[in-house]
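Chemist: Quick one: the structure is below, and I'll ask about it shortly.
The values are calculated or read from the model by the stated rules, or taken from the named source; none is laboratory data. None of the values given here were measured: they were computed from a predicted structure. Every residue, glycine among them, receives a Cβ derived from its backbone with ideal geometry; neighbour counts consider all protein chains shown.
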Amino acid sequence: MMAAPRVRIALALLVCTMVTGCGVVAAPCRVASAALKIVPLVGHAAATPTDACADAIDP
C-alpha cells in the first residue's frame, strides 16, 4: 500500500524534470550570451550565435 504514493511522487518529479530539462540544457548558451553582451560595442553582435543556440534548444 505504501508504494502508490511513492510512485505518484516519482512520476510527478519525472514530469517536472522533463518539462524543465530544456532550460537546463540551454543555460550554458544563455550564460555565454550574457557574458558576451557585456563587451562594449561588439558584445551584442558577438552574442548573436549563442542567442540562436539557446533559442534552438529552448524556444
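Chemist: Taking the criterion of being part of a helix (DSSP H, G or I) and at pLDDT below 80, would at least one residue in the stretch 40-49 satisfy it?
Modeler: Quick first cut of the stretch 40-49, residues part of a helix (DSSP H, G or I) only: 43-46, 48-49.
Next cut, at pLDDT below 80 only: none.
No, the stretch 40-49 contains no residue that is part of a helix (DSSP H, G or I) and at pLDDT below 80.
Chemist: Can you confirm whether residue 29 is at pLDDT below 90 and in contact with a helix residue (DSSP H, G or I) (Cβ under 6 Å, 6 or more places away or on another chain)? Give the steps one after another, and end with the answer.
Modeler: Numbers: at pLDDT below 90: yes; in contact with a helix residue (DSSP H, G or I) (Cβ under 6 Å, 6 or more places away or on another chain): yes.
The answer is yes for residue 29.
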